[in-house]
Amino acid sequence: MKVLVPVKRVIDYNVKVRVKADGSGVDLANVKMSMNPFDEIAVEEAIRLKEKGVADEVVVVSIGVKQAQDTLRTALAMGADRAILVVAAEDIHDDIEPLAVAKILKAVIDEEQPKLVIAGKQAIDNDMNATGQMLAALLGWGQATFASEVAIEGDTVTVTREVDGGLQTIAVGLPAIITADLRLNEPRYASLPNIMKAKKKPLDTKTAADLGVDVTPRLTVVSTAEPAGRSAGIKVGSVDELVAKLKEGGLV
Amino acid sequence: MAVLLLAEVSAGELALDATAKAATAAAKLGDVTILVAGPKAAADVAATISGVAKVLVAEDAAYANGLAENLADLVVSLAGDYSHIVAPATASAKNVLPRVAALLDVMVISDASGVVDGDTFERPVYAGNAVQTVKSSDATKVITFRTSTFDAAACSGSAPVEAATATADSGLSSFVADKVAESDRPELTSAKVVVSGGRGVGSEENFALIEKLADKLGAAVGASRAAVDSGFAPNDWQVGQTGKVVAPELYIAVGISGAIQHLAGMKDSKVIVAINKDEEAPIFQVADFGLVADLFEALPELTDKL
Ligand SMILES: Cc1cc2nc3c(=O)[nH]c(=O)nc-3n(C[C@H](O)[C@H](O)[C@H](O)COP(=O)(O)OP(=O)(O)OC[C@H]3O[C@@H](n4cnc5c(N)ncnc54)[C@H](O)[C@@H]3O)c2cc1C
Ligand SMILES: Nc1ncnc2c1ncn2[C@@H]1O[C@H](COP(=O)(O)O)[C@@H](O)[C@H]1O
């Protein structure tokens with residue numbers, strides 16, 4: 001079985017985000033970029049399926065600027081077999097919307113015919129939490145989002161999902177889309193020898209136009225602003241003082 | 001303009017608070033019809049939400065467990081009559097609405113925190129470190145609303161309830177089991193007071209200290225990702241960028257350092273209290289009242305004295 005994992009290049013989760021003074025967006029120039037953390041989890045899960053003999057090939061796909069090939073190399077170093085880069089933007093500040101990403105992924109999937117797609121639950125830059133669900137819709141496949149446990153048996157995948165009230169388990173027929181939540185696994189680090197080996201693994205490059213997908217955004221970003229600030233209050237010296245403050249404020 | 005609001009239904013009951021908060025946001029856009037994919041009794045509760053024009057109820061086994069494929073098909077079957085399709089940004093709606101949007105060939109606007117006009121919305125990005133204003137060019141707007149930024153609509157209405165035609169079971173997925181913890185505590189996203197514990201709490205047993213304080217205050221219990229990952233607390237307690245977003249009157253963070261991913265889920269709380277033994281912890285930069293102390297001493301004393 002072939003497993004396809006979409007991986008997004010995003011601002012590293014440790015970087016302090018700076019909003020540009022003119023309100024045109026977030027400054028990404030000379031900022032550390034990494035694989036979206038949820039996608040590392042998705043790649044890890046796919047590799048584990050391969051190690052268990054359930055999957056035989058793991059293909060990773062990234063859509064965006066050409067620099068996204070670094071992200072793909074990271075996935076290859078973790079253990080993915082093959083990578084596809086779909087160049088859809090020139091400027092590192094141009095984010096491709098989930099709908100366009102899903103359309104591009106659908107075009108890739110029509111060619112590649114994987115039986116399972118594992119995406120991340122959410123990209124930590126746009127915080128959309130949408131691509132996996134949109135892709136499932138376009139393909140007419142079943143979806144199991146926010147997965148914390150995945151078990152494949154025959155043509156069915158049983159997935160435990162993190163939901164508002166706790167956990168839900170569902171069964172989805174293959175082919176299917178899974179989106180990975182934080183507790184699905186702990187992704188491995190790529191070792192130095194594997195990073196070297198990854199340089200020789202195949203990486204195909206295409207463009208959105210090759211796949212016939214229009215990536216014009218449906219949502220125009222009118223402005224980007226700093227959130228309303230919150231300033232530090234006071235330090236209290238003791239539990240008694242804290243209790244007094246809370247009572248003063250009518251909070252308890 | 002006409003708005004279809006997909007109600008939050010959980011275990012056959014209407015989640016009134018979340019639905020009423022989304023109703024407040026929806027009312028800014030036009031006449032609101034609430035769609036309840038669940039029992040008639042849940043629809044009757046939805047009908048009490050003030051300012052609602054109509055409630056549609058689709059009672060069918062296909063919708064009993066919130067499966068995304070079936071719910072999306074139902075919403076799409078009704079979509080033609082509406083300019084906006086909205087829902088509270090719950091785990092369930094975040095599963096369904098992007099699927100609806102793709103079936104309609106439109107973008108989804110996730111986690112909107114503000115309505116500028118019928119096409120233009122505000123939403124936090126980058127873990128709440130920036131707020132984007134986005135304008136949609138799509139014919140139908142599909143939106144999930146962040147419940148923590150809208151007050152719940154009142155419940156003095158009596159909208160008519162009509163049956164909607166159920167769609168067929170897609171057969172793409174099926175329900176296996178739910179593992180839902182029963183609790184007498186208020187729900188995290190609607191509680192007036194939240195007490196959250198982090199890695200500093202140290203163990204699942206020690207989390208009882210957090211729970212004791214919460215029970216004394218009639219509060220909900222939250223947790224940081226580190227506390228959940230370490231098995232101190234269940235996943236549905238996680239507050240943050242990728243967990244629940246809360247904005248209670250009072251948020252008490254105990255043994256939580258204050259990573260931006262955590263702040264993203266609680267920094268709109270009215271009053272924040274932080275208890276941490278490290279005076280440099282970033283949580284103090286957003287706390288109204290900070291107490292530098294060992295939680296194992298401070299928590300029992302606080303619980304005692306309140
Ligand atoms: C993709 C992604 C998504 C994430 N989503 C979320 C999210 O939704 N929510 C979330 O919370 N995090 C999230 N995180 C994780 C986040 O980055 C932090 O790692 C996490 O919030 C840290 O949790 P913590 O504050 O409990 O632990 P730590 O950072 O380890 O802090 C523990 C604190 O406890 C204090 N402490 C220790 N012992 C005591 C004591 N005896 N008395 C008093 N204080 C004590 C310490 O001084 C320290 O400040 C996410 C991370 C990533 C990469
Ligand atoms: N540009 C992209 N390239 C590859 N994968 C993507 C891209 N955008 C989104 N994804 C995938 O979709 C998931 C959810 O992203 P989002 O819907 O943007 O929050 C991510 O975790 C990725 O797996």
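The values are calculated or read from the model by the stated rules, or taken from the named source; none is laboratory data. All values reported here derive from a predicted model rather than from experimental measurement. FYI the Cβ positions are ideal-geometry reconstructions off the backbone, even for glycines, and counts take in every protein chain you see. When the accessible area is computed, the model is the full protein with side chains, heavy atoms only, and any ligands, DNA or RNA have been set aside. Shrake-Rupley method; radii C 1.70, N 1.55, O 1.52, S 1.80 Å.
Note on region A:43-82 and region A:93-159: Cα centroid distance 14 Å, given to the nearest whole angstrom. Projected label points at B:Ser183 and B:Glu301, each 7 Å from Cα along the beta carbon direction, are separated by 2.7 nanometres. Highest mobility in the GNM of chain A, judged by mean-square fluctuation with C-alpha springs under 10 Å and restricted to A:Ala232, A:Ala136, A:Ala88, is found for A:Ala232. Sequence neighbours fewer than 8 away in the same chain don't count; with that in mind, list the lysines whose C-alpha is under 26 Å from A:Lys245. The qualifying lysines are A:Lys235, B:Lys192, B:Lys212, B:Lys216, B:Lys267, B:Lys270, B:Lys277, B:Lys305.
The shape of chain B comes out prolate: with a ≥ b ≥ c from the C-alpha gyration tensor, a/c is at least 1.5 and a/b beats b/c. Here the protein assembly as shown is treated with +1 on each Lys and Arg Cβ and -1 on each Asp and Glu Cβ, and its dipole about the Cα centre works out to around 1020 debye.
About its Cα centre, the dipole of region A:2-226 is roughly 580 debye, where the only charges are +1 on Lys and Arg Cβ and -1 on Asp and Glu Cβ. Need one word for region B:193-305: rounded, prolate or oblate. Basis is the Cα gyration tensor (sqrt eigenvalues a ≥ b ≥ c); a/c below 1.5 gives rounded, then a/b vs b/c decides. Here region B:193-305 falls in the rounded category.
Given +1 at the Cβ of Lys and Arg, -1 at the Cβ of Asp and Glu and no other charges, the dipole of chain B around its Cα centre is 480 debye to the nearest 20. Of the solvent-accessible surface of chain A, computed with a 1.4 Å probe over protein heavy atoms with every protein chain present, carbon and sulfur atoms account for 49 percent. Of the residues A:Thr179, A:Gly140, A:Val60, the one whose Cα sits farthest towards the positive end of the charge dipole of region A:2-226 is A:Val60 (charges of +1 on Lys and Arg Cβ, -1 on Asp and Glu Cβ, taken about the Cα centre). Cross-link partners of B:Lys28 among aspartates and glutamates, defined as those whose alpha carbon lies under 15 angstrom from its own and excluding same-chain residues fewer than eight positions apart: B:Asp117, B:Asp119, B:Glu122, B:Asp151. What is the interface area between chains A and B, defined as buried accessible area summed over both chains with a 1.4 Å probe, reported in Å² to the nearest 100? For chain A against chain B, roughly 6500 Å² becomes buried. Carbon-plus-sulfur accessible fraction, region B:182-247 (probe radius 1.4 Å, protein heavy atoms only): 43%. Take each residue in B:36-46, count the other chain C-beta atoms within 10 Å of its C-beta, and the mean is 0. Dividing the summed -39500 (n - 2.57) terms of all DSSP H runs of n ≥ 4 by the residue count of the protein assembly as shown sets its mean residue ellipticity at 222 nm at -7500 deg cm²/dmol. Considering chain A at the alpha-carbon level, its Rg and Dmax are found to be 20.9, 68 Å.
List the residues of region A:112-136 for which accessible area in the full set of protein chains is at least 10 Å² lower than for the chain on its own; 1.4 Å probe, protein heavy atoms only. The answer is A:Lys121, A:Gln122, A:Ile124, A:Asp125, A:Asn126, A:Asp127, A:Met128, A:Asn129, A:Ala130, A:Gln133, A:Met134 - residues whose exposure falls by at least 10 Å² when every protein chain is included. Structure remark: mean-square fluctuation, Gaussian network model of chain A, C-alpha springs under 10 Å; the largest value among A:Val221, A:Val19, A:Val157 belongs to A:Val221. Note: relative contact order over chain A, using C-alpha pairs below 8 Å and six or more positions apart, is 23 percent. Estimated from the Cβ-Cβ distance and a Förster radius of 25 angstrom, the FRET efficiency linking B:Ala208 and A:Val31 is about 0.05.
Accessible surface area normalised per residue over the protein assembly as shown is 39 Å², counting heavy atoms of protein chains with a 1.4 Å rolling probe. When chain B is treated as a GNM with alpha-carbon contacts under 10 Å, the residue of B:Ser83, B:Ser190, B:Ser203 showing the greatest mean-square fluctuation is B:Ser203. Under 5 Å from the amide H of A:Arg230 lies no amide H of any residue 5 or more positions distant or on a separate chain, with H modelled from the backbone and absent for Pro and chain starts.
Pairs of Lys residues in region A:48-203 are counted when their Cα atoms are under 22 angstrom apart and they lie 8 or more places apart or on different chains; the count is 20. Here the extension length gained between B:Ala139 and B:Ala41 equals 32.0 nm, from 0.36 nm per residue of separation less the Cα-Cα distance. Here the simple spin-label model places points 7 Å from the Cα toward Cβ, and for B:Asp294 and A:Asn194 these points are separated by 4.1 nm.
With a 10 Å cut-off around each Cβ of B:133-141, the average count of Cβ atoms from other chains is 4.
For region B:109-131, a decrease in accessible area of 30 Å² or greater in the assembled protein chains relative to the isolated chain, with a 1.4 Å probe, applies to B:Ser110, B:Arg123, B:Tyr126, B:Asn129, B:Ala130, B:Val131. For A:Lys206, the aspartates and glutamates whose Cα falls under 15 Å of its own Cα, not counting residues fewer than eight places away in the same chain, are A:Glu90, A:Asp110, A:Glu111, A:Glu112, A:Asp214. Here the simple spin-label model places points 7 Å from the Cα toward Cβ, and for A:Leu174 and A:Lys52 these points are separated by 1.1 nm.
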